[in-house]
Amino acid sequence: TPALSNDQRLVGKHVLVTAGPTHEPIDPVRVIANKSSGKQGFAIAAAAVKAGARVTLVAGPVSLATPAGVNRIDVQTANEMADAVAGALPADIAIMVAAVADWRVAPSDVKLKKDAGAPDLQFERNPDILATLGEHPERPGLLIGFAAETNDVVANATSKLERKKADWILANDVSGDVMGGDRNRIHLVTADGVEDWDEASKADVASHLIDKIAESIS
Ligand code: CTP
Ligand code: CA
């Protein structure tokens, strides 16, 4: 008989992950989007399953296969992602990896024509899903965010940690070619300080994160 996984570190835990971009419609054929492949979030969901967790993965539009054993909910917009996250609570651990669009517009029902001139887009702020969880009555016991930064990486991540009432922020230095690639440069920012991780594959970042999570809840 095949050996069952003996990694039981997250058995009985519900892990909630967001991944990918969101798409905010402008008209039936155009969207406002973020550059995110979803690879890091999907790798984290897969690593959490491997450690025995029950995993809910709320995914924006990406072209990635669902990792085995993951309960995947597909969404398009930030509002849909926020609703899916709220609907998935309670969770023991939430890891917000998605690159959520910060702004949306009221979409046109019909396709905008270029000869009508530049569209007059009225931007509205989207809900901040991580910050909402930080203040939620069902706040996950361990709340983790990402921060993709091109400059002042740790300072920006530290302010997000405080502003969003997260426990950890994985600051990702995206200067260069990280977006869409297979590797990440992470600085783990917590109230206790900063830990610099070696540049690693997204799979290795995921399993290292799961190691940290398992340690911190044991
Ligand atoms: N996030 C979220 N909902 C949003 C925006 C961001 O849940 N509407 C989460 C991301 O998933 C990530 C963290 O917040 O875990 C940081 O996202 P980021 O875009 O870096 O932060 P912002 O607060 O939007 O700041 P910025 O102006 O740098 O984009
Ligand atoms: Ca943002």
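The values are calculated or read from the model by the stated rules, or taken from the named source; none is laboratory data. Just so you know, these numbers come straight off a predicted model, no measurement behind them. Don't worry about glycine lacking a Cβ; one is built from the backbone with ideal geometry, like all the others, and counts go over all protein chains shown. Surface accessibility is based on the protein's heavy atoms, side chains included, excluding ligands, DNA and RNA. Shrake-Rupley method; radii C 1.70, N 1.55, O 1.52, S 1.80 Å.
Computed quantities for the displayed model
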item	result
Cα centre as origin, Lys/Arg/Asp/Glu Cβ charges: the range 72-154 dipole, Debye	260
Neighbourhood net charge (10 Å Cβ-Cβ; Lys/Arg +1, Asp/Glu -1) for Leu57	0
Cα-based equivalent ellipsoid, the chain: semi-axes from gyration tensor eigenvalues, Å	30, 20, 17
Total formal charge among the other residues, if their Cβ is under 15 angstrom from that of Leu10, Lys/Arg +1 and Asp/Glu -1	+1
Backbone HN-Hα couplings from phi across the range 183-199 [Karplus 6.51/-1.76/1.60, Hz, Gly and Pro as x]	10, 9, 10, 10, 10, 8, 10, 9, 4, 7, x, 10, 10, 8, 9, 5, 4
Eligible aspartates and glutamates near Lys164 by straight Cα distance, threshold 14 Å, same-chain separation 8 or greater	Asp128, Glu135
Karplus (6.51, -1.76, 1.60) ³J(HN,Hα), θ = phi - 60°, over the range 115-126, in Hz, Gly and Pro reported as x	6, 7, x, 4, x, 8, 7, 9, 7, 10, 5, 7
Helix 39-50 axis, angle to the chain major axis (alpha carbon atoms, nearest 10°)	30
Integer Hz, Karplus 6.51/-1.76/1.60 couplings in order for the range 73-79, x for Gly and Pro	10, 8, 9, 10, 9, 4, 4
Residue with peak Gaussian network fluctuation, the chain [Cα springs, cutoff 10 Å], from Pro67, Pro28, Pro119	Pro119
Violating pairs (Cα-Cα greater than 27 angstrom) within the set Lys35/Lys111; Lys13/Lys39; Lys35/Lys165; Lys35/Lys114; Lys114/Lys160; Lys111/Lys160	Lys114/Lys160; Lys111/Lys160
For Trp103, residues with placed amide H under 5 Å, excluding near neighbours	Asn126
Cβ-placed point charges (K, R +1; D, E -1), dipole of the range 1-59 about Cα centre in debye, nearest 20	200
Global form of the range 47-98, assessed from the alpha-carbon gyration tensor, a/c cut-off 1.5	oblate
Separation of alpha-carbon centers, the range 153-218 and the range 23-37, rounded to whole Å	26
Cβ-placed point charges (K, R +1; D, E -1), dipole of the chain about Cα centre in debye, nearest 20	500
The range 76-196: C-alpha gyration tensor shape, a/c 1.5 cut-off, then a/b vs b/c	oblate
Tilt relative to the chain, helix 202-217 - C-alpha long axis, 0 to 90 degrees, to 10	60
The chain, helix-only ellipticity at 222 nm - DSSP H runs n ≥ 4, -39,500 (n - 2.57), divided by all residues, nearest 500	-8000 deg cm²/dmol
Accessible area per residue, Å², the range 78-218 with all protein chains present, probe 1.4 Å	53
